[in-house]
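The structure appears below as structure tokens.
The values are calculated or read from the model by the stated rules, or taken from the named source; none is laboratory data. All values derive from a computational prediction rather than experimental measurement. In this analysis, Cβ positions are derived from the backbone assuming ideal geometry, glycine residues included, and neighbour counts consider all displayed protein chains.
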Amino acid sequence: MKKILFVASLIIASCNSSQKTVSTNTVTPAKESNPITYAETITEDELKEHLYIYASDEFEGRETGQPGQKKAIAYLKEQYEALNIPAAQADGDYFQKVPLEIGKVPVGDISINGNTYELGKDVLTFTSAEGNPKEIIYVGYGIEEDDYSDYKGLNITGKVLLIKSGEPMNEDGSYLLSGSEEKSAWSNMSEAMGKKTTLAFSKGASGVLYYDSQNFPRFKRYFDYMKANDSGRMRLAAETSDNFIVLLNEKAAKDIKADINEGHTPSSLNVNIEMAVRSANKNIDSENVAAVIKGSEKPNEYLIISSHLDHIGVTADGQINNGADDDGSGSVALLEIAEAFKKATDEGNGPKRSVVFLHVTGEEKGLLGSKYYTDYAPIFPLNQTVTNLNIDMIGRIDPKRGGNRNYVYLIGSDKLSTELHDLSEEVNSKYANIELDYKYNDENDPNRFYYRSDHYNFAKNNIPIIFYFNGTHADYHKPGDTPDKINYDLLENRTRLVFHTAWEVANRANKVIVDKATTTSK
């Protein structure tokens with residue numbers, strides 16, 4: 001799973017535990033086959049056999065674009081070939097190339113009105129930022145939605161903008177856009193910067209100076225980590241541009257506009273800014289792996305089951321981060337689910353809709369493989385993709401959680417489709433009886449897990465999702481995440497739950513209804 005350290009264009013990018021409502025008449029009884037028969041092919045022994053290979057030292061932590069990742073994709077391809085499940089791409093290639101590049105940690109500084117601000121202290125950026133703009137356009141919150149726009153009457157083509165976090169409020173303390181006490185996505189810590197900077201660049205801005213006192217410390221921690229480890233920020237090559245984003249702390253922001261906290265009205269600012277920040281880029285070769293079982297009745301409707309194939313590689317002192325739980329557990333679960341569907345297909349009981357098995361790369365670098373799939377090169381049309389079930393860490397137990405060990409955290413099941421949530425609940429009651437914990441589904445959860453794994457790139461396109469997750473633990477993103485610490489009985493139970501849910505989504509008469517579509521999709 002990706003650490004929540006930066007979002008937006010820097011990486012452009014509510015139910016609770018008591019929620020147990022189950023609708024009636026959701027699950028369609030199987031007519032010709034019993035899915036339990038196929039779910040029983042998913043076993044502890046086979047999951048363990050796969051994982052002891054996939055999360056072994058031989059795979060070197062599966063760092064994106066490195067030799068260990070190549071071993072991982074070769075293993076996945078070999079398994080699908082052995083199962084006789086074809087590649088998803090029309091040319092028969094299991095590997096979808098994902099063009100990436102890595103930018104080294106920038107060096108330099110930025111001067112504002114004669115005051116020099118050190119990169120990594122008062123100002124942050126992860127790309128080059130050079131130039132001496134004579135005019136800065138302050139656009140307040142930088143929002144445009146319905147009848148509200150901070151850009152009215154402004155020509156920002158080629159200009160550098162100053163934008164602050166947050167959104168406008170009414171005198172009574174309610175939010176202007178919602179007309180209530182509920183914030184919009186423009187204030188969401190994990191979405192707002194991406195929405196605002198994307199909008200700015202779409203209108204022709206050349207750069208953005210972004211003031212966000214709440215997010216600045218988190219970005220600074222990531223910058224410090226990169227600098228200490230001489231690492232760089234990976235991104236999709238398709239998103240390389242001369243546009244830049246510079247994050248400002250309060251000191252730097254007030255040097256440009258002294259009343260930035262109180263002043264919301266867009267204006268032109270005469271400021272002497274000199275930017276001399278440089279970085280270098282290197283191309284990275286990486287791949288998604290995708291296989292498909294074609295539907296028998298609705299082959300042009302697609303259910304995508306996903307997991308990420310990468311991890312974080314080897315530490316500076318040579319220790320291997322095996323990533324058995326993150327996300328070796330999801331990767332091998334996906335193989336076992338594929339085997340179960342293939343057995344059903346071989347016996348004439350294949351899914352009515354097509355089922356796609358998608359292993360994505362670059363999750364640890366900012367959900368890059370799934371973003372490439374959804375935003376740039378979907379193998380199958382997104383408007384014909386009915387659901388995404390995403391598996392990211394389902395092999396262990398959250399030590400902070402008490403109670404039944406036979407649980408799984410569910411995130412996002414109700415965000416876009418009430419019907420999908422109810423289906424999920426009833427399938428679990430009928431087949432698995434796992435405690436479904438919605439703790440991290442709360443919109444106010446500070447961990448923001450809904451935005452931190454690959455399902456989010458489908459959700460932002462209004463594709464209903466469920467994210468299956470066991471929570472973090474002491475070995476999260478550390479060398480201690482090894483196969484011997486996996487609870488294989490729980491991994492079996494959780495994998496079977498995903499299979500049963502996928503079986504119902506793939507075989508029901510009608511695709512699940514999206515009744516909570518958002519306006520954030522592309």
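Before we move on, is ILE136 over 29 Å from ASP230 (Cβ atoms) and among the aliphatic types (A, V, I, L, M)? Judged against the criteria, ILE136 is a match. Listed by first and then second residue, the pairs with beta-carbon distance under 8 Å, at least 6 apart or on different chains, first residue in segment 209-228 and farther than 14 Å from LYS104 by Cβ, second among the β-branched types (Val, Ile, Thr) and part of a helix (DSSP H, G or I), are LEU209/ILE256; TYR210/THR197. Of all the numbered requirements in (1) over 15 Å from the mean Cα position of the chain (by Cα); (2) surrounded by fewer than 23 Cβ atoms within 10 Å (Cβ to Cβ), ASN470 misses one, and that requirement is (2).
Here is a yes/no grid of residues against (1) at pLDDT 95 or above; (2) under 24 Å from the mean Cα position of the chain (by Cα):
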{"residue": "PRO106", "(1), (2)": "no, no"}
{"residue": "SER111", "(1), (2)": "yes, no"}
{"residue": "LEU124", "(1), (2)": "yes, yes"}
{"residue": "LYS159", "(1), (2)": "yes, no"}
{"residue": "GLY179", "(1), (2)": "no, no"}
{"residue": "MET193", "(1), (2)": "no, yes"}
{"residue": "ALA200", "(1), (2)": "yes, yes"}
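On the stretch given as segment 307-324, residues that are among the aliphatic types (A, V, I, L, M) and out of contact with any helix residue (DSSP H, G or I) (no Cβ under 8 Å at 6 or more places or on another chain) total 1.
The number of residues in segment 299-315 that are under 23 Å from the mean Cα position of the chain (by Cα), among the hydroxyl-bearing types (Ser, Thr, Tyr) and over 14 Å from VAL360 (Cα atoms) comes to 1. Taken over segment 106-131, the criterion of being small (Gly, Ala, Ser) and either surrounded by 16 or more Cβ atoms within 10 Å (Cβ to Cβ) or more than 10 Å from ALA252 (Cα to Cα) (or both) is satisfied by GLY108, GLY114, GLY120, SER128, ALA129, GLY131.
For segment 71-124, a residue qualifies if it is among the β-branched types (Val, Ile, Thr) and part of a helix (DSSP H, G or I), and exactly one does: ILE73. Residues of segment 325-346 include none that is surrounded by fewer than 24 Cβ atoms within 10 Å (Cβ to Cβ), in a loop (DSSP other than H, G, I, E, B) and of a type outside the set (Asp, Glu).
Report yes if some residue within segment 266-278 is modelled with pLDDT of 95 or more, buried (at least 16 other Cβ atoms within 10 Å of the Cβ), not in a strand (DSSP E or B) and not hydroxyl-bearing (Ser, Thr, Tyr); otherwise report no. Yes: one or more hits. Of the residues making up segment 433-445, at least one is within 21 Å of GLU336 (Cα to Cα), at pLDDT 95 or above and in contact with a helix residue (DSSP H, G or I) (Cβ under 7 Å, 6 or more places away or on another chain). Scanning segment 412-453 for residues that are closer than 18 Å to PHE499 by Cα, among the hydroxyl-bearing types (Ser, Thr, Tyr) and either outside the structural domain of ILE397 (by TED's automatic domain parsing) or assigned to a helix (DSSP H, G or I) (or both) returns SER424, SER429, TYR431. Close Cβ contacts (under 9 Å, 6 or more residues apart or on different chains) running from residues in segment 117-145 that are on the phi > 0 side of the Ramachandran plot to residues that are among the acidic types (Asp, Glu) and part of a strand (DSSP E or B) comprise GLY131/GLU274.
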